[in-house]
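For reference, the structure discussed in these notes is given below.
Quick note: the coordinates plus some simple rules give every number you see, no bench work behind them. Keep in mind it's a predicted model, so treat the numbers as computed, not measured. Glycine also receives a Cβ, built like all others from the backbone with ideal geometry; neighbour counts cover every protein chain displayed.
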Amino acid sequence: MSGPITTMDVLPSAEVPAPQSGPIFELYQPRETAIGKTLVRRTLPKRQRRTIGAWCFADHFGPERTGLAMEVGPHPHIGLHTATWLLAGELLHRDSLGSEQLIRPGELNLMTAGSGVTHSEEASPNEVPVHNGIQLWIAQPDRTRNEAPAFEHHDALPEANFDNATATVFLGSFGGVTSSARADTPIVGVEATLGIGSSVLELRKEFEYGIIVLEGRLAFKGSPIEQDALAYFGTGREELMLTAQEPCIFLLLGGEPFAETPLMWWNFVARTRAEIDQAYQDWQERSPRFGSLDSKLDRIDAPKPDWR
Ligand code: MN
């Protein structure tokens, strides 16, 4: 396995295009890539769009009626939170902190990597395969990214109702409710289900926002946003009117534009190549930095950074 992040997604440098501000509308198509044997559609990062708030990675797997072989053996992370969100099926999260947590639709698994953690994604012991879900990463700010790792599971998330839509707020605040999940930067993550018709989402002007459609499709000012496309809306909006001609499920991801420039390589989010080199070396040398995790799945070797 060569992924997740490669130069197909972002260049291994800290250079990014000058950020645009204000209410803009951009559409990005997903890139199909493989995680183990499973094809996923990646909508973040893009070379042109590395982050939305602190959101820096999004891989959608499914929908697949027969279930997906989404097992991923022990691998490391630094400098990010992983947020796993399922629409159908079950998955077992295990990590080097000793966490062993089944995840089901509507529940949030949030792992904080900090200075280093190891985790695996394994088949549910209930023999329920995973059918549909999305793996998201959130970049940690300098303030917390070298701290100890942590893990949270949330199975009682607040819901907001508006117009002909319902929303589960898994991170931050939206529609008058707030998730109790850890957030290191001002951020929001919502799963919304739209019925047929128009809905107006209330936004915060200082946040930038993106939408990833997971099922169905919707439209913004007559422009269709197809399944697995990423629509980027910029900052400076107080509301967003979306129209659905069929029932539709999408994620609304937003936050204050991330003030630091993340450097992403493989499963690592850092700031410099030297930090990535060190993480690569520590993983390959089985340093205690990443803890230990026994798994029936094979440990995944890190690919050598391109610049080494
Ligand atoms: Mn992972």
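Do the sum for the chain: with -39,500 (n - 2.57) for every DSSP H run of n ≥ 4, divided by all residues, what is the mean residue ellipticity at 222 nm, to the nearest 500 deg cm²/dmol? Walk me through the numbers on the way to the answer.
Values: 1 runs with 12 residues, N = 308.
Per the formula, -1000 deg cm²/dmol.
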For the stretch 277-289, 3J(HN,Hα) per residue [Karplus equation, 6.51 cos²θ - 1.76 cosθ + 1.60, θ = phi - 60°, Hz, x = Gly/Pro]: 4, 5, 5, 4, 5, 5, 5, 5, 8, 6, 4, x, 3
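Local charge sum around GLY197 (other residues, Cβ-Cβ under 15 Å, Lys/Arg +1, Asp/Glu -1)? The partial results should precede the final answer.
Working: positive: ARG217; negative: ASP163, GLU246.
The answer is -1.
Please report the net charge: other residues with Cβ closer than 12 Å to the Cβ of ALA165, K and R +1, D and E -1. Before the final figure, lay out each step's value.
Values: positive: none; negative: GLU159, ASP163, GLU191, GLU202.
In short, -4.
Rank the residues LEU27, LEU293 as a footprinting-exposure proxy: fewest other Cβ atoms within 10 Å of their Cβ go first.
Details: LEU27 13, LEU293 21.
Ordered from fewest to most neighbouring Cβ atoms within 10 Å, LEU27, LEU293 come out as LEU27, LEU293.
For VAL117, VAL72, VAL128, what's the fewest-to-most ordering of other Cβ within 10 Å of each Cβ?
Working: VAL117 26, VAL72 20, VAL128 15.
Arranged by neighbour count, lowest to highest, VAL117, VAL72, VAL128 become VAL128, VAL72, VAL117.
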Mean separation of Cα pairs under 8 Å and 6+ residues apart, divided by the residue count of the chain: what relative contact order is that in percent? 22 percent
Using the Karplus equation 6.51 cos²θ - 1.76 cosθ + 1.60 (θ = phi - 60°), what ³J(HN,Hα) coupling, rounded to whole Hz, does each residue of the stretch 67-80 give in order, writing x for Gly and Pro? x, 10, 7, 8, 6, 10, x, x, 8, x, 9, 9, x, 8
Check: C-alpha center the stretch 256-277 vs C-alpha center the stretch 69-133, spacing in Å is 22 Å
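Can you tell me, using C-alpha contacts under 8 Å and at least 6 residues apart, the relative contact order of the stretch 101-182 as a whole percent?
On the way: 96 pairs, mean separation 26.3, N = 82.
Reported as a whole number, the value is 32 percent.
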Around THR38, with a cut-off of 13 angstrom between Cβ atoms, what is the net charge of the other residues, counting Lys and Arg +1 and Asp and Glu -1? -2
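Cα-based Rg of the stretch 23-263 per 2.2 N^0.38 Å, rounded to two decimals?
After normalising by residue count via 2.2 N^0.38 Å, the value is 0.95.
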Taking 8 Å as the Cα distance limit and 6 or more residues as the minimum spacing, I'd like the relative contact order of the stretch 191-308 as a percentage. 26 percent
Residue (of ILE276, GLY116, PRO224) at the positive-pole extreme of the chain, dipole from beta-carbon charges: ILE276
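Can you tell me the dipole magnitude for the stretch 256-300 around its Cα centre, using point charges on the Cβ only (Lys, Arg +1; Asp, Glu -1), in Debye to the nearest 20? Don't jump to the answer; show the numbers that get you there.
Working: 6 positive and 8 negative charges, 30 e Å.
With Lys and Arg at +1 and Asp and Glu at -1, about 140 debye.
Listing THR51, THR66 from the residue with the fewest other Cβ atoms within 10 Å to the one with the most, what is the order?
THR66, THR51
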Explain nothing, just compute: Karplus ³J(HN,Hα) = 6.51 cos²θ - 1.76 cosθ + 1.60, θ = phi - 60°, for every residue of the stretch 184-194 in order, whole Hz, x for Gly and Pro. 8, 9, x, 8, 9, x, 9, 9, 10, 10, 9
Using a simple charge model, +1 on the beta-carbon of Lys and Arg, -1 on the beta-carbon of Asp and Glu, nothing else, what dipole does the stretch 23-263 show about its Cα centre, in debye to the nearest 20? 700 debye
Placing +1 on the Cβ of each Lys and Arg and -1 on the Cβ of each Asp and Glu in the stretch 177-283, which of LEU242, ALA192, THR178 has its Cα farthest towards the positive end of the resulting dipole? LEU242
Using 0.36 nm per residue of separation minus the Cα-Cα distance, give me the extension gain between GLU147 and ARG299 in nm, one decimal. 52.3 nm
